[in-house]
1. With no solvent and one point on each alpha carbon, what is the Debye value of log10 I(q)/I(0) for the stretch A:679-792 at q = 0.12, 0.14, 0.18, 0.19 Å⁻¹?
2. Checking the cross-link filter: which aspartates and glutamates have an alpha carbon closer than 13 Å to that of B:Lys280, excluding same-chain neighbours under 8 positions apart?
3. Rank-order B:64-73, A:295-304 by packing density, defined as the average count of other C-beta atoms within 10 Å over each peptide's residues, highest first.
4. On C-alpha positions alone, give me the angle between the axis of helix B:394-409 and the longest principal axis of chain B, in degrees, nearest 10.
5. Give me the Debye-computed log₁₀ of I(q)/I(0) at q = 0.04 Å⁻¹ for chain A, equal point scatterers on Cα only, no solvent, two decimals.
6. Which residue, A:Gly82, A:Gly207, A:Thr318, has the largest displacement toward the positive end of the dipole of the protein assembly as shown when charges sit on each Cβ (Lys, Arg +1; Asp, Glu -1)?
7. Compare the Cα positions of B:Gly370, B:Cys350, B:Ser406 along the charge dipole of the stretch B:331-431 (+1 at Cβ of Lys, Arg; -1 at Cβ of Asp, Glu; about the Cα centre) and return the one farthest towards the positive end.
8. Peptides A:351-359, B:202-210, B:399-407, B:183-191: what's the order by average Cβ count within 10 Å, highest mean first?
Amino acid sequence: MTDAVKPNVETTLVNLTIDNVPVSVPKGTLVVDAAKRIGIDIPVFCYHPKLEPVGMCRMCLVDIGLPAVNRETGKVETDKQGRPVINFGRALQTGCTVEVAEGMVVVGYTEKVQKARQDVLEFLLTSHPLDCPICDKGGECPLQNLTMAHGRSDSRFIFDEKIKLAKHVPLGEMIFLDRERCIQCARCTRFQDEIADDPVIGFEARGRSLQIVTYSEPGFDSIWSGNTTDICPVGALTTTDFRFGARPWELQASASLCTHCPVGCNTTLNTRREAKAGGEMVVKRVMPRQNEEVNEIWLCDKGRFAHHYAAKDDGRLTGPLVRRDGKLVAATWEKALALVAEKFEGAGKGLVTLAGGKLTNEDLYNLAGLAKARGGKALLDSRMAGGDLTAQVGLSTGSNLADLGKGDAALVVACDLEEEAPLWWLRVKQAAERGATVIVANPRRTKLERHAAFTLRYEYGHEAALVTALVGSFSPKRADLPAAVQALIRDKDVKDAGQAIAGAKDLIVFYGSEGTGLAESAALARACANLLIGTGHIGRPNNGLVAVWDKANAQGGWDMGLRPSADLAADLGAAKAAYIVAADPAGDSPALAEAVKAAGFVVVQDIRLSATAELADVVLPAAAFTERDGTFTSGERRVQRLHPAVPAYAGLRGDFAVTAQIAARLGVAQEKRLATGVFNQIAASVPAYAGLTSAALSEVREQWPVIGRGDVYYGGTTYDNKQGLGVQLPVSGDSPALTFEQPAEPAKFKGLKAVPVTRLYDRGTTVTPSAVLHPRLPGAFIALSVEDADKMKIEPGQKVQATLNGVTVEVEAHIDNSLAQGVVLAPRSFGLAIEGPCEITVKK
Amino acid sequence: MSTVKGSHILLRHRDNPALSTFEGYIKDGGFKTWKQVVTRMTPEAVVNEVFDSGLRGRGGAGFPTGLKWRFIDKNNWPHYVVVNADESEPGTFKDREIMESNPWQFLEGVMLTAYAVNANVAYIYLRGEFWMLAAELDKQIARLRKEKLLGMKLFGTDYELELHTHLGAGAYICGEETALLESLEGKLGQPRLRPPFPPSFGLYGKPTIVNNVETLANVPLIIEKGAKWYRKFGTEKSPGTKIFSLSGRVAKPGNYELPLGTTYGDLIMTHGGGIPEGRKIKAIMSAGASSTLIVADDKALATPMDYESVPALGAQLGSASIIVIDETVDLKWLVDKTVHFFNHESCGKCTPCREGTYWMNNITQRILHGEAEQKDVDLLKDVAMNMKGKCLCALGEFATEAVVSSIERFPKDFKIKAGAKTIAGELKVMHD
């Protein structure tokens, strides 16, 4: 990124003319960017507005002149007409590496420049295979487009002398390299170095043999790899997901959102009608949709590739199922709904609704409404707390992580940010690069530490204590403070980090769920809120608390009035009727499976037959996120809208509509036709959402850099955002009281202590249906400390038996040398029975 | 071999072979200047003396050395000195002789330079094939350490200095100073964008002075005897002596240290003994493979070899590696040779050089093997012209010099004879 587009930099304006058009741009702007701002296209290949310029491809050569300055007077010389005399350099210059200067004259229309463009293109094409008819990039290819615009009409290179290179080189399981198509622009390698900080690909050899290779094992080992295919200006890099799948001009585009994590990345779903799908519309690929306040132009590979769970394959539910003679059999909607209504009626206040955090606000609103109307419980399927606090002291309107810079701070606690919310990792890293003080507090090493000014270690269970110690106003001698807090207050790094936090202009605190269950999470969220309140970092943009939620719309769940259960097994077990929507407690934990079995009457509403659905009395199908309308509220409290991309199966509706139909049969009136209708009710009744309209969510503003329009050469194939940037909610305005809670001492166990951690690539129900990710999905595993592994003589990779909460699973043993002795990492969503810290026994 | 007995500044070992040993160099007064400088002179004074001497970089560009040293960014630390000992230009073999036979003077020059720019570490980057030389230099550096001429608290002052050698991995491009720095940092040897230049952003992003071996070998005598003394040699704008590496069709090839401003005729005909077997001189390459071809007429032979005069011939003094071409040489062969070299050595970073050298080589091969038509010669020249002024570094520009100048200045050599199937056969003599 050039200085010109970074916030917090001086904005002295510089005046110049480009192709005779006068323009004023901030000092430090590059000539290509200045031209772009006024709609003048200087063609580029290697240059990308998000990357440092390298001037390699030479496509952007332009004539650049500067006013002649009289050496004696120091004044600009003028001609007879009083116009400044402009001195042009002998050679053309690369517009991507030259910064604007006062009085500069840039010319791109002269014969000299036009010929230079033609020459560079001719050079590029001498080694290019020109296999556009079979190339995935054909139709959205910068090389193709710029050749049309500036290339020669004939070829002077003897075709038979064209270099022959490998065309199907797997850099990793997800990305293929066509070495013939590569034009050595280094966008991919620079993206991996500068943006992703995973320098796993690079150039090898030299001259015409220069080629991209991967250095990692497995190849191209980065969760950001898909982005390189967007910014590759030719068809050299393609994804295994989309490769040879469709031609770009056959694709339709629908605005959507990623539903995997709380960042809420804006996406575009590319769809096409396919014969092999029986003439159905099919989602062919997920592309980033530019939102400079959320995901910029990037997506992580989970967001890009793990969309197949919504595909219309054999695993999808297409109609209601009712248990008859112990078996789930197909039933009509009328019969199924009547049965559900009858049983819910009978359950009275014993109705428990459990909602998954990947439901839309509209679904959650109707679900909560139904539960409340019936006097039942409205539970959110989450093991994290603090949604009430984020509503009070969370990020508010006008916040943008891109604004964090020098003088600001970000605290990331109990969180492996790249694994839990990849885009936030990227944005916090960039904040660090802009000069923000990043403080990472986690019991083990995480990738964000590379960019941290302070790395704080604490014992699992002491996360709230650590944050309390950071408040900085406590004396270590205060007898009422737990020993853990007293010890942490004495730590020099904690003290220094606390000072940096107190002195920060703006402060954002991210808390995750590393090692925490619901109880620990509540203490941690409270401590984080205290830190923000205590240091005066609330109620202003770019200040506040961000929960790195375990589900994409957990914030929306809290806002709609649902709450996680302190004892889900008990709540479910005691339910007279359970209405479980987009959640799979039985799949998550054997204990919860028992609870589901114990529940009176179980209705499961989902898109696939989950483990919980297998136990249900009635299974109701719903439309997937690709098939429906709705809104999500991100962890940054930005309300964003997704649109249907493909039609749902006949008769299938969004979850809100199914719920509304049940409600109607119980005499509860709910909007069942349009999601926007529910949204309007939310706007009318949920205070934080007051006054929100669908129109407001659909508003767009000019974004920089200009990306995703006809000029795919400039920023890549990321989509321009025409469907809305969303609206960030205001904070409640109430200054919450500083309620100090004594951080509890962590539970002690006789043996080893297992702590839950979150991995991006898990074996959850939204990940495993995507075969493209399978090579990268680890099997069930645990991570041991070096000491414990030595003591038990366990080698890395060895299979061991891990017993948690009475359930034994065979797992692979990993060793993490940053882990303290006595602690075992147990990843969530890998079939291990873990919801919070618990005892674990490991046997060989 | 030597020119005029006793007149050398750089190749002094030819007058006094004992200089190649530490004892011999000390006996000759070696490292007295070093001690003097560290104990009595300020770094600025050293820079000023070199600036006043008018010494210009001997690597090829001829940039004033003292001025380069003054450019070093004094608000950014530490500073580094990097010696460019990657001597890879075809026909250039001067640095090798200095390091082989007069190493102590070279090392003293490096040390003085480091002191002048307040560097405590200097790296000598040698081409990979110089591994034996590097081994010798390592021993010599160890000896300097042992003699307390290198190390901490030199001569009781607070100044400290360490020297290290580093071997390249066989890429010509690493003679380009920024590619050299990348390689020294352990990265792929590709040139960086300039500006910023190394004196402000060099090794590891720190201010760095990169100088050629021959340049630095001048420094001890400039400091010892003064700028005025140095200016007695050469011309006003190109003071001092220069080692001319003479090769090609000449009776006595080798290194000749002569004052700048000596004419081509003097070097080739007098010192070099003229062309063997009474053949006529046809052309001169003035700076190795990176040269245009000079038509070797009387005017050219009377031209003084200095930074100002050579450009009048449509050429550059460069590293002063003079390759003599006689009348029996077919320039089709020569052009193929140079283009092949640049194709082989292009780093591939920028498009015109990566693709242009590859394409040109395809054409020169066709021309050489009698498979070309006259229009291929035009195409070759056009490709070269299209590369010009568009490349990221000088390598790509240099790759076009021999091509364009040969075709323009020696059109007869590029007349494609109808029916001439293989020129390669006629060229057998060239390969002997």
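1. For the stretch A:679-792 at q = 0.12, 0.14, 0.18, 0.19 Å⁻¹, log10 I(q)/I(0) is -1.00, -1.04, -1.04, -1.05.
2. Partners within reach: B:Asp297, B:Asp298, B:Asp326, B:Glu327.
3. Answer by packing, highest mean first, reads A:295-304, B:64-73.
4. 40 degrees
5. Log10 of I(q)/I(0), two decimals: -0.19.
6. Going by the Cα projections, it comes out as A:Gly82.
7. Selected residue: B:Gly370.
8. Top of the packing list down: A:351-359, B:399-407, B:202-210, B:183-191.
The values are calculated or read from the model by the stated rules, or taken from the named source; none is laboratory data. Keep in mind it's a predicted model, so treat the numbers as computed, not measured. Quick reminder, even Gly has a Cβ in these numbers, built from the backbone with ideal geometry, and neighbours come from all protein chains shown. Surface accessibility is based on the protein's heavy atoms, side chains included, excluding ligands, DNA and RNA. Shrake-Rupley method; radii C 1.70, N 1.55, O 1.52, S 1.80 Å.
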